[in-house]
Structure formats: C-alpha cells, structure tokens
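J.: Before anything else, here's the structure in question.
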Amino acid sequence: MAAIGGLRLLAGLAFMGVIAGICIWLLTKLFPQAAVHQALPNGVDHERRATGETLVEVLDQRYARGEISKADYDRMRQDLEKRQAELPARR
C-alpha cells in the first residue's frame, strides 16, 4: 500500500513539472523580447538584438517613425554614445 502512495507522489510531481515546463515555454513564446533583453548586456551599442539591429539603429527608426521627439532622440543618442565611449574603460 505504501508503494502505491509513493508512485502517486512521483506521478504528481512529474505532472507538475510538465505543467511548469509548458508554462515557461508558453511565456517565452508570448514574450520573446523579455528573454532577449535579459541576454544582452546593458549599454553595449555594438551588440545586436534578436532582429539584428544595433541600439542606435532602433533609435533612428523610432525617430523616423515619429515615436520620439528631436530632443528625446538627441538625448538618447548622446546617452548611447557616452555609454559606448565608457565601455572600453570598464573592460
């Protein structure tokens, strides 16, 4: 009788593991940029995103689409250039 209880416990744990795995897989499919964002180092301009674009290219595209103002574009561009200039000093 005790062996049946142990098998039930193992089956329950295996079932919960499968459900957790499906949930994690589903979340990575629903939110792929979250996984990519975690994989890229902060402030590294020459690193490519999942789409193959650099951070400056993304900024240029956002400005071209009118998503950000000229002042925001200039400020963000300066921030990216400043981070890139500081990057060799950190290594």
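Read-outs throughout are calculated quantities, based only on the coordinates presented, and are distinct from any laboratory measurement. None of the values given here were measured: they were computed from a predicted structure. Ideal geometry is used to build each Cβ from the backbone, glycine not excepted, and the neighbour counts take in all protein chains shown.
J.: Just subtract the alpha-carbon distance of Lys82 and Thr54 from 0.36 nm times their residue separation and send over the number in nm, one decimal.
T.: Value of the extension gain: 8.5 nm.
J.: What does the charge count around Tyr73 come to, taking other residues whose C-beta lies under 9 Å from its C-beta (Lys +1, Arg +1, Asp -1, Glu -1)?
T.: Details: positive: Arg62, Lys70, Arg75, Arg77; negative: Asp60, Asp72, Asp74.
Residues close to Tyr73 contribute a combined charge of +1.
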